[in-house]
Amino acid sequence: MSHIGDAGSARRLLDDLPDALVVHRDGRIVFVNQRALELLRYERLDELVGRSPLDLVHPDEHPLVMERMRRSAEGGGPEPLVEERLVRRDGTVLCMDVIAVPVRFEGSRATMALARDSSERRRLQARGALADRMASVGRLAAGVAHGINNPLAYVLANTEYALEELQRLPFPEGKAPPVLDDVLRALQQAREGGLRIRDLVADLATFSRSDERPSGPVDVKRILDSVLSLAGNEIRHRARLVKDYGGIPLVQADESRLAHAFMNLLVNAAHAIPEGAAESNEIRVSTFTDDFGGAVVEVRDTGAGMPPEAVGSVFDPF
């Protein structure tokens, strides 16, 4: 069991901790450090000393905290980290990771609770989950591209062969039957469709490249065109697409990451506009070089815009 004395130097040390600290004994607070006062928006120690620790906890958390306090009072060991909602002086709620350990404070047994803002832990967990999802999407895209490319190669090769052979056929008096023109036209359209699929698969492959792929000089406008090709179905029913490309330098970047960022911006722009009024709305993609020689990409739309709380997630997939 740790010992906390009543010397001024010890209390100053506790006040310097980066985590909030609350010491309670027999169901009453006996000490809080400066960080706890700041987080809970109190000004003086005497505003909290003597009160129940439950006064600082959201009512929904009371059963959990009371059980932890009971075990501590009965001589239990350290309580594991849990997330608790604490209530500030102004009534706002703060999510904190809290651990509790038995200590001796001013000569008597007490419990010391240490609390840290849980938002950073949540952010790291969310980033880890997002990385896992993006890796899964990349593997799926690679599998789809590979699965399409093989049969597509046969389709294009055979279409090309049929076109060449039909055009070589000899006909009496050099006159081909009228139906041949229709067949040739159908085969040519099939070839064009196959080539379009091949281009889409190539665009899809941009999203399946490994994150470990080294960055290098890339053509931003080429990546934009690939992304616009994939996002075309999302855009065409909602707005007119305007490409306003100015001259920009090559950039040192990872193609896949850039493609993800552009895709998110374009899909967000499209989703800000309801379907059915494509002629009345516009999504404009512009590129230009800034005063420092850097490449700039702008995506503008005539949609409803984003609420402030969504702005921070504009680059997040899903």
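The values are calculated or read from the model by the stated rules, or taken from the named source; none is laboratory data. Note that the coordinates shown come from a computational prediction; the quantities given were computed from them, not determined experimentally. Here the Cβ positions follow ideal geometry from the backbone for every residue, glycine too, while neighbour counts run over all protein chains shown. These accessible areas exclude ligands, DNA and RNA; they are computed on the full protein's heavy atoms, side chains included. Shrake-Rupley method; radii C 1.70, N 1.55, O 1.52, S 1.80 Å.
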- Task: Pull up the stretch 87-127, narrow it to residues that are at pLDDT 90 or above and basic (Lys, Arg), then point me to the one that is most open to solvent (accessible area, probe 1.4 Å).
- Result: ARG89
- Boolean, ARG191 is surrounded by 11 or more Cβ atoms within 10 Å (Cβ to Cβ) and at pLDDT below 85: no
- Task: Would you check if ALA126 is small (Gly, Ala, Ser) and not in a helix (DSSP H, G or I)?
- Result: no
- Only residues that are closer than 11 Å to MET263 by Cβ and not acidic (Asp, Glu): list them for the stretch 230-246, please. LEU230, ALA231
- Scanning the stretch 269-299 for residues that are open to solvent by less than 80 Å² (accessible area, probe 1.4 Å) and among the acidic types (Asp, Glu), the one nearest to LEU258 (Cα to Cα) turns out to be GLU298
- Query: Would you pick out the residues in the stretch 156-178 that are under 57 Å from the mean Cα position of the chain (by Cα) and open to solvent by 90 Å² or more (accessible area, probe 1.4 Å)?
  - Reply: ASN158, TYR161, GLN167, ARG168
- Of the conditions (1) among the aliphatic types (A, V, I, L, M); (2) in contact with a Phe, Trp or Tyr (Cβ under 6 Å, 6 or more places away or on another chain); (3) closer than 23 Å to ARG85 by Cβ, ALA129 fails just one. Which one is it? (2)
- Item | Residues (within 18 Å of MET112 (Cβ to Cβ) and within 33 Å of the chain's Cα centre (by Cα)) located in the stretch 46-60 | LEU56, VAL57
- Run down ARG85, ARG116, ARG133 and say which single residue is assigned to a strand (DSSP E or B) and in contact (Cβ under 8 Å) with a residue 60 or more places away in the chain. ARG116
- Item | Residues located in the stretch 13-42, provided they are open to solvent by 80 Å² or more (accessible area, probe 1.4 Å) and more than 19 Å from ARG116 (Cα to Cα) | ASP26, ARG28
- Task: Determine whether ILE148 is at pLDDT 85 or above, open to solvent by 40 Å² or more (accessible area, probe 1.4 Å) and outside any helix (DSSP H, G or I).
- Result: no
- Among the residues of the stretch 203-211, is any assigned to a helix (DSSP H, G or I), modelled with pLDDT of 90 or more and open to solvent by less than 50 Å² (accessible area, probe 1.4 Å)? no
- Task: Answer yes if at least one residue in the stretch 69-80 is under 20 Å from LEU37 (Cα atoms) and either assigned to a helix (DSSP H, G or I) or open to solvent by 40 Å² or more (accessible area, probe 1.4 Å) (or both), and no otherwise.
- Result: no
- Query: Just to be sure, is ARG104 assigned to a helix (DSSP H, G or I) and either more than 30 Å from ALA202 (Cα to Cα) or of a type in the set (Lys, Arg) (or both)?
  - Reply: no
